[in-house]
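The values are calculated or read from the model by the stated rules, or taken from the named source; none is laboratory data. Computed from a predicted model, the values in this text were never measured in an experiment. Cβ coordinates were reconstructed from backbone atoms using ideal geometry, including for glycine residues, and neighbour counts include every protein chain displayed.
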């Protein structure tokens, strides 16, 4: 499973690369996505058939099912326990706090667990 995020362009680019890798390896793959708007954009929907032809199936999690999305558990821990609750004066400052929190989470869980939850298994 792969967890992807950000924007339609980033998500499409990630799945484009993954679909090529699946085709090159001669295997089948399935990616489960949430219902974020960028996962349903016109460009994204148009690319799904191309990915399917390469062996990568795109499936959607049920709506309002955060418990099925491993990255939601990661963010709940980061936001609820590992980051100070305060206003961040800049994106750079917020990014630094997120990176530090993810590092603390990685140390607590082990690199393999965090990698499998964030990137894929």
*Determine which member of the set 71, 98, 91, 78 is without any contact (Cβ under 8 Å) to a residue 24 or more places away in the chain and closer than 25 Å to residue 33 by Cβ.*
98
*What are the residues in segment 9-37 that are at pLDDT below 90, surrounded by fewer than 18 Cβ atoms within 10 Å (Cβ to Cβ) and outside any loop (DSSP other than H, G, I, E, B), if any?*
9, 10, 13, 14, 32, 37
*asked:* Just to be sure I understand, how many residues within segment 74-92 are surrounded by 10 or more Cβ atoms within 10 Å (Cβ to Cβ) and part of a helix (DSSP H, G or I)?
replied: 8
*Is at least one residue of segment 52-59 out of contact with any strand residue (DSSP E or B) (no Cβ under 8 Å at 6 or more places or on another chain) and part of a loop (DSSP other than H, G, I, E, B)?*
no
